[in-house]
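What follows is a single structure, written as structure tokens, with notes after it.
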Amino acid sequence: MENAALERIQRRVQQTILEDAKQQLQRHLEETKQHQDRLRQLVTKMQGTPTQEKGELPIAKPPESMRNVMHPSMSAAEQELMQSVEDTIVENAEVTGYNLLIQMAEKMNMGDAIPSLAQSLQDEEKMLGWLRANAPAMFAKLWPQIEESSSSSSTTASSPSQIKTTTENIADIDQTFTCDTCNEIFGAREQLKHHAMQRHESK
């Protein structure tokens, strides 16, 4: 999991729009590199071969049809909010994973591995605690940006004049229009307006 986590944290450091989150993620990135080194040493000590393969991170994802609709239209603040939730999910999984590894080491009489695993567990617990403690502040920073983005992109094309024009165009289909002054008949509303201006209003 650490291999996949490292790649994700590197991406988050580049993408986050919150400076305090960037700094915390950068610190945790360095910690995650140390976690990788500890695991490599433990695997090598057990006569194993460390792997560069990446596991699947436990990230909650909506159905693909919803993602195709949501993601292209999401603002940077909305994406940041979703990513911060995923940060917490991933860290919680890593805490659970290290707790399980420590229990397995105890059962397998591998006491030498426990200090290294416990040190990495402590780092993950600190990061998880930071995310939980700062979640309200991050939400408070992001929500005004989300509201602003949502309001500016909602109904800009639905001004009263545009609605009136659209309604008139629909009403004009298969209709004729008669001049109230001279009873002349026209096939379009605009023709009637032009006639009235030229023939009657100019007099």
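The values are calculated or read from the model by the stated rules, or taken from the named source; none is laboratory data. What you see is a predicted model; the values in this text were computed from it and never measured. Don't worry about glycine lacking a Cβ; one is built from the backbone with ideal geometry, like all the others, and counts go over all protein chains shown.
Hey, A93 hits all of (1) surrounded by 15 or more Cβ atoms within 10 Å (Cβ to Cβ); (2) small (G, A, S); (3) modelled with pLDDT of 95 or more but one; which does it fall short on?
Condition (3) is where A93 drops out.
Looking at region 100-113, which of the residues that are part of a helix (DSSP H, G or I) and surrounded by fewer than 15 Cβ atoms within 10 Å (Cβ to Cβ) is nearest to the chain's Cα centre (by Cα)? Explain how you work it out, then say what you get.
First pass over region 100-113, keeping only residues part of a helix (DSSP H, G or I): 100-107, 111-113.
From what is left, the residues that are surrounded by fewer than 15 Cβ atoms within 10 Å (Cβ to Cβ) are 100, 103-104, 106-107, 111-112.
Numbers: L100: 30, Q103: 35, M104: 36, E106: 40, K107: 41, G111: 42, D112: 41 Å.
Within region 100-113, the match that is nearest to the chain's Cα centre (by Cα) is L100.
Could we say that E30 is modelled with pLDDT of 95 or more and either under 20 Å from N92 (Cβ atoms) or in the same structural domain as S116 (by TED's automatic domain parsing) (or both) here? Even if it seems obvious, please write down each step before you answer.
Details: modelled with pLDDT of 95 or more: yes; either under 20 Å from N92 (Cβ atoms) or in the same structural domain as S116 (by TED's automatic domain parsing) (or both): yes.
The answer is yes for E30.
Which one is modelled with the lowest pLDDT among residues in region 123-168 that are over 30 Å from E2 (Cβ atoms), within 18 Å of the chain's Cα centre (by Cα) and of a type in the set (A, V, I, L, M, F, W, C)?
The qualifying residue modelled with the lowest pLDDT is I146.
Assigned to a helix (DSSP H, G or I), under 18 Å from A135 (Cβ atoms) and either in contact with an Asp or Glu (Cβ under 7 Å, 6 or more places away or on another chain) or at pLDDT 95 or above (or both): which single residue out of Q23, Q36 fits that description? Steps first, answer last, please.
Numbers: Q36 fails: under 18 Å from A135 (Cβ atoms).
None of the others qualify; the one that does is Q23.
Criterion first (basic (K, R), surrounded by 13 or more Cβ atoms within 10 Å (Cβ to Cβ) and closer than 17 Å to E31 by Cα) does K141 satisfy it? Let's see the steps before the verdict.
Working: basic (K, R): yes; surrounded by 13 or more Cβ atoms within 10 Å (Cβ to Cβ): yes; closer than 17 Å to E31 by Cα: no.
No; evaluated as a whole, the condition is false for this residue.
Being within 14 Å of L117 (Cα to Cα), assigned by TED's automatic domain parsing to the domain that holds S84 and free of Cβ contacts under 8 Å to residues at least 40 places away in the same chain is the requirement here; does K22 meet it?
Values: within 14 Å of L117 (Cα to Cα): no; assigned by TED's automatic domain parsing to the domain that holds S84: yes; free of Cβ contacts under 8 Å to residues at least 40 places away in the same chain: yes.
So K22 fails the test.
Restricting region 58-90 to residues that are at pLDDT 90 or above and β-branched (V, I, T), which is nearest to the chain's Cα centre (by Cα)?
Going through the qualifying residues, I end up with V85.
When only residues in region 11-24 that are more than 17 Å from the chain's Cα centre (by Cα) and not acidic (D, E) count, which is surrounded by the most Cβ atoms within 10 Å (Cβ to Cβ)?
Ranking the qualifying residues of region 11-24, first place goes to Q24.
Among the residues of region 94-142, which ones are free of Cβ contacts under 8 Å to residues at least 60 places away in the same chain, touching a helix residue (DSSP H, G or I) at 6+ places or on another chain (Cβ under 9 Å), more than 17 Å from Q36 (Cα to Cα) and charged (D, E, K, R)?
E106, K126, R132, listed by residue number.
Name the residues in region 28-39 that are among the basic types (K, R) and crowded, with 16+ Cβ neighbours inside 10 Å, would you? Talk me through it step by step, then tell me what you get.
In the first step, residues of region 28-39 are kept if they are among the basic types (K, R); the result is 33, 38.
Within region 28-39, just R38 meets the criteria.
When you check L117 against the structure, is it under 30 Å from M82 (Cβ atoms) and at pLDDT 95 or above, yes or no? First the steps, then the outcome.
Working: under 30 Å from M82 (Cβ atoms): no; at pLDDT 95 or above: yes.
Answer is no for this residue.
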